[in-house]
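The values are calculated or read from the model by the stated rules, or taken from the named source; none is laboratory data. These numbers were taken from a predicted model, which means no experiment stands behind them. Note that each Cβ is placed from the backbone with ideal geometry, even for glycine, and that neighbours are counted across all protein chains shown. Heads up: the accessible areas ignore ligands, DNA and RNA and are worked out on the full protein's heavy atoms, side chains in. Shrake-Rupley method; radii C 1.70, N 1.55, O 1.52, S 1.80 Å.
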2 protein chains.
Amino acid sequence: MDVNAERFLKDLHDLRSFGASGVVKGVVRPAYSDADIAARQWLAGRMEEAGLTVRIDPVGSVWGLAEGPSILLGSHSDSQPEGGWLDGALGVIAALEIARAAQEAGGPAVSVVSFQDEEGRFGVTTGSAVWGGNLELAKADGLMDRDGITFGAARAKMADLAGEFVDPTRFTGFIEMHIEQGPWLDQAGQAVGVVTDIVGIRDMKITFRGEQNHAGTTPMHLRRDAFQGLNAFATRINEDFRNVVTPQTVWTIGHVSLHPNASSIVPGRVTFSMQWRDGDADRLARMEAIIRTAAQEIADSRGLEVEFGPMLGLEPVAMDNVLRAALAKSAATVAPGKWREMPSGALHDATNVARHLPVAMLFVPSINGISHDFAEDTDEADLVTGLKVLAGAVASLRP
Amino acid sequence: MDVNAERFLKDLHDLRSFGASGVVKGVVRPAYSDADIAARQWLAGRMEEAGLTVRIDPVGSVWGLAEGPSILLGSHSDSQPEGGWLDGALGVIAALEIARAAQEAGGPAVSVVSFQDEEGRFGVTTGSAVWGGNLELAKADGLMDRDGITFGAARAKMADLAGEFVDPTRFTGFIEMHIEQGPWLDQAGQAVGVVTDIVGIRDMKITFRGEQNHAGTTPMHLRRDAFQGLNAFATRINEDFRNVVTPQTVWTIGHVSLHPNASSIVPGRVTFSMQWRDGDADRLARMEAIIRTAAQEIADSRGLEVEFGPMLGLEPVAMDNVLRAALAKSAATVAPGKWREMPSGALHDATNVARHLPVAMLFVPSINGISHDFAEDTDEADLVTGLKVLAGAVASLRP
């Protein structure tokens, strides 16, 4: 099978034009935005031209289906609120190019998918979580973005395009190509990473409620200040995690919503995101216990009420040995001495797909490790090397 | 002079209808909102009916001017984003009623003012700060609200109504009636507070810039997390202030804006408000030094950049002895045993007016000390007692 690097790169740049931020190669294409829906329709057209049967499922994931049993390749085409041009898009367009090249070569059968809302406007990898059975559709429909819009209302925007969910038994496995989103390949000057496993993730919203009051007339000792509750919590968990975490464990407070958020008012309420990731499910659970205890004790000691939102998340997932070996063998052929095996610190759709299918992943470098930012980029030579490694692995899997 | 309690309370409830929140007696009437401008036009009509000459100045403060030299009474009619019905409105309507009663009684000459943007959508008591000469108009015009709208653009909405600034030399003094906004009168079961002095205030925005990155693939030791910078800063100043503050000193982080504010992204930037208040100008300066040092050291040690916004604020102000004595004498007559002398922990327009005129203030209780909240309220009997104390003081000042 011969992939066409030029055609692949042109499609990748064309996809970037949907929601291009105008800042370097940045993209603003969150799930169900006008740009996202237009990109998915364009993608459906390219799949059709490639001889695939298009299906858009009830949550807006776009599928290009080969006939008979096939290997599934893909990723997602929605972006972060301020995202890069490769996160997700790379895996989808690489899949499209390999499906085309495979059709031209007379096989193997390759299907393509772009999952919806991988970037978590509503939940965590929402589209593949629903398809994979990690999240019930009815429960997903109740999830809200930070403007109070529900997943159910958002996916209704694509209802006129939607058919049934795709039956997973038609696929023999799933491989997702993605940018690393971390610094390791770039720092080592390597072109390809073959993923060994994907770390697990936990994500929940926590709310402290205190008493909104005047910032001049309320003495410090009478305040029930929600922001000071958050401050005490964030300090406390940084301490309490010390004896539990490894250097690979991460935790993030990335979203904070203060109410009423005015400089002259003691904040009466704060809602914030608490997210943590690790390769060990037991450690994730120990961290959860620390979080819940710390938030409760801080609330109790400061006259606040604490409320824990639903906990979203996914278990750590090991890659399939056969698929992973095919990728490693192809990498050794295409990029000798320039590849490594490595874990994925980021979550991916492959995590959910693993409920149905054997899965594997490969990475290409992120320049300076930057992603989820307009500045995200990868050398085009590395993109093509990744494409060739994936194509080689897929070709080797032909029965 | 006989004030009309019924007419006073009716006007107060009528003013509440502009921007009524529908939640208890709450009001949403921030400066230059449609509700605020409509309320100011209604107020101008009531002033005219009371025989006053109406002037709306270039920043939208509304004046009802008596002929010849007069005492000035008033406050402000804009509200917090989620405010109560009495904060500011009480002082304006009490002034209107006393001006009316004084006209009916043949004197003394009483003028009325409702200053614009006391609640600080743009700065701190912006309207009276400009009139009082504490803030240049050109500088005020550059101030931005949290949606990025400038004061200059906002006041242009009232340009068709605006005349010249009012000459302060026509007034002999200024008295502002206001709710206490703190717990002390209510807890003591008292009806009136005669203010001794107004604490000073400092308010500035601080920004930490770090590096926005992926919350799964960026190891903790490589992060430059803007939120963690804020957390360290808030913890540090709580410590460092200990040896400097008194039980009356207050400080507040009431506004936090995180960027890009998504749970899966290490925050690259945070802008937050830092406000502190005290009766002693030296202490305010010592606190400023602690704040700047802490923010700079935290930025340096965490690979962040720190940026300090312009510092807004007002010096502590002592009330005029003559006006204050008149209020105390009237309180002793109208509410014997039910009044006290007390400082104002809140900032008021009187602070700015003090640049031009002798000023004084009186307080009525805030039920449970609540203000800057829909639940703000005062017993109507206490409102009328306050009105009578102010009327008595004004009558006694007649030359």
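Being open to solvent by 10 Å² or more (accessible area, probe 1.4 Å), out of contact with any strand residue (DSSP E or B) (no Cβ under 8 Å at 6 or more places or on another chain) and within 14 Å of chain B (Cβ to nearest Cβ) narrows it down to one residue among A:Arg100, A:Arg121; which is it?
A:Arg121
Taking A:Ile175 as the residue in question, decide whether it is surrounded by 24 or more Cβ atoms within 10 Å (Cβ to Cβ), aliphatic (A, V, I, L, M) and in contact with a Ser or Thr (Cβ under 6 Å, 6 or more places away or on another chain).
So A:Ile175 fails the test.
Just to be sure before I move on: is B:Ser330 in contact with a Ser or Thr (Cβ under 7 Å, 6 or more places away or on another chain), away from every other protein chain (no Cβ under 14 Å), more than 27 Å from B:Lys139 (Cα to Cα) and of a type in the set (S, T, N, Q) in the structure I sent?
yes
Can you name the condition, by its number, that A:Asp145 falls short on among (1) open to solvent by less than 30 Å² (accessible area, probe 1.4 Å); (2) away from chain B (no Cβ under 14 Å); (3) closer than 30 Å to A:Gln248 by Cβ?
Here A:Asp145 clears every test but (2).
Can you tell me which residue among B:Ala89, B:Ala109 is open to solvent by 10 Å² or more (accessible area, probe 1.4 Å), of a type outside the set (Val, Ile, Thr), more than 14 Å from chain A (Cβ to nearest Cβ) and at negative phi?
B:Ala109
Would you check if B:Phe374 is closer than 13 Å to B:Met177 by Cα, aromatic (Phe, Trp, Tyr) and within 14 Å of another protein chain (Cβ to nearest Cβ)?
no
Taking the condition of being under 28 Å from A:Ala285 (Cα atoms) and not in a loop (DSSP other than H, G, I, E, B), how many residues in the stretch A:185-210 meet it?
Adding up the residues that qualify gives 15.
Which residue is most open to solvent (accessible area, probe 1.4 Å), if the candidates are limited to the stretch B:325-368 and must be hydrophobic (A, V, I, L, M, F, W, C) and in a loop (DSSP other than H, G, I, E, B)?
If we take residues in the stretch B:325-368 being hydrophobic (A, V, I, L, M, F, W, C) and in a loop (DSSP other than H, G, I, E, B), then B:Ala354 is most open to solvent (accessible area, probe 1.4 Å).
Being closer than 27 Å to A:Leu12 by Cα, aromatic (Phe, Trp, Tyr) and at pLDDT below 95, is that true of even one residue in the stretch A:125-136?
Among the residues of the stretch A:125-136, not one is closer than 27 Å to A:Leu12 by Cα, aromatic (Phe, Trp, Tyr) and at pLDDT below 95, which makes the answer no.
So which residues in the stretch B:184-215 are surrounded by 24 or more Cβ atoms within 10 Å (Cβ to Cβ), within 18 Å of A:Asp373 (Cα to Cα) and either more than 11 Å from chain A (Cβ to nearest Cβ) or in contact with a Lys or Arg (Cβ under 6 Å, 6 or more places away or on another chain) (or both), if there are any at all?
B:Phe208
Only one residue in B:Gly60, B:Gly74 is part of a strand (DSSP E or B), on the phi > 0 side of the Ramachandran plot, open to solvent by less than 20 Å² (accessible area, probe 1.4 Å) and in contact (Cβ under 8 Å) with a residue 12 or more places away in the chain, so which one is that?
B:Gly74
Being out of contact with any strand residue (DSSP E or B) (no Cβ under 9 Å at 6 or more places or on another chain) and surrounded by 15 or more Cβ atoms within 10 Å (Cβ to Cβ) is the filter here, so list the residues in the stretch A:294-324 that pass it.
Result: A:Ala294, single match.
What residue, among those in the stretch A:366-398 that are in contact with a strand residue (DSSP E or B) (Cβ under 7 Å, 6 or more places away or on another chain) and β-branched (Val, Ile, Thr), is farthest from A:Arg7 (Cα to Cα)?
A:Ile370
When you look at A:Gly200, is it in contact with a helix residue (DSSP H, G or I) (Cβ under 6 Å, 6 or more places away or on another chain) and within 22 Å of B:Ser263 (Cβ to Cβ), yes or no?
For A:Gly200, the condition - in contact with a helix residue (DSSP H, G or I) (Cβ under 6 Å, 6 or more places away or on another chain) and within 22 Å of B:Ser263 (Cβ to Cβ) - is met.
Anything in the stretch A:219-261 that is touching a strand residue (DSSP E or B) at 6+ places or on another chain (Cβ under 8 Å), at the interface with chain B (Cβ under 7 Å from one of its Cβ atoms) and either of a type in the set (Ser, Thr, Tyr) or part of a strand (DSSP E or B) (or both)? List them, or say none.
Of everything in the stretch A:219-261, those that are touching a strand residue (DSSP E or B) at 6+ places or on another chain (Cβ under 8 Å), at the interface with chain B (Cβ under 7 Å from one of its Cβ atoms) and either of a type in the set (Ser, Thr, Tyr) or part of a strand (DSSP E or B) (or both) turn out to be A:Val250, A:Thr252, A:Val256, A:Leu258.
Out of A:Gly216, A:Gly229, which single residue is more than 28 Å from the chain's Cα centre (by Cα) and within 19 Å of A:Thr293 (Cα to Cα)?
When all the criteria are applied, what remains is A:Gly229.
Against the condition more than 7 Å from chain B (Cβ to nearest Cβ), over 29 Å from A:Arg223 (Cβ atoms) and of a type in the set (Phe, Trp, Tyr), how does A:Trp276 come out, does it pass?
yes
Run down B:Val28, B:Val24, B:Val54 and say which single residue is modelled with pLDDT under 95 and surrounded by fewer than 23 Cβ atoms within 10 Å (Cβ to Cβ).
Going through B:Val28, B:Val24, B:Val54 in turn, the sole match is B:Val24.
Is there a residue in the stretch B:289-305 that is facing chain A (nearest Cβ under 9 Å) and over 20 Å from the mean Cα position of the chain (by Cα)?
Taking every residue of the stretch B:289-305 in turn, none turns out to be facing chain A (nearest Cβ under 9 Å) and over 20 Å from the mean Cα position of the chain (by Cα).
Just need a number here: residues in the stretch A:36-56 that are within 24 Å of A:Ala20 (Cα to Cα) and among the β-branched types (Val, Ile, Thr).
Of the residues in that region, 2 qualify.
Can you tell me which residues in the stretch B:369-399 are of a type in the set (Gly, Ala, Ser), assigned to a loop (DSSP other than H, G, I, E, B) and open to solvent by 20 Å² or more (accessible area, probe 1.4 Å)?
Hit for the stretch B:369-399 is B:Ala375, nothing else.
Name the residues in the stretch A:232-264 that are within 27 Å of the chain's Cα centre (by Cα) and hydroxyl-bearing (Ser, Thr, Tyr), would you?
Matches in the stretch A:232-264: A:Thr246, A:Thr249, A:Thr252, A:Ser257.
From the list A:Arg46, A:Arg40, A:Arg7, A:Arg29, which one is basic (Lys, Arg) and in contact with an Asp or Glu (Cβ under 6 Å, 6 or more places away or on another chain)?
Among A:Arg46, A:Arg40, A:Arg7, A:Arg29, only A:Arg29 is basic (Lys, Arg) and in contact with an Asp or Glu (Cβ under 6 Å, 6 or more places away or on another chain).
Limited to the stretch B:1-50, what total is found for residues that are in a helix (DSSP H, G or I) and of a type outside the set (D, E, K, R)?
Matching residues across the stretch B:1-50 total 16.
Name the single residue that is nearest to B:Phe227 (Cα to Cα) among those in the stretch A:247-290 being among the polar types (S, T, N, Q) and open to solvent by 40 Å² or more (accessible area, probe 1.4 Å).
Within the stretch A:247-290, the match that is nearest to B:Phe227 (Cα to Cα) is A:Ser257.
Tally up the residues in the stretch A:306-317 that are more than 14 Å from chain B (Cβ to nearest Cβ) and not acidic (Asp, Glu), please.
The total comes to 2.
When you check B:Ser344 against the structure, is it among the polar types (S, T, N, Q) and at pLDDT below 95, yes or no?
Judged against the criteria, B:Ser344 is a match.
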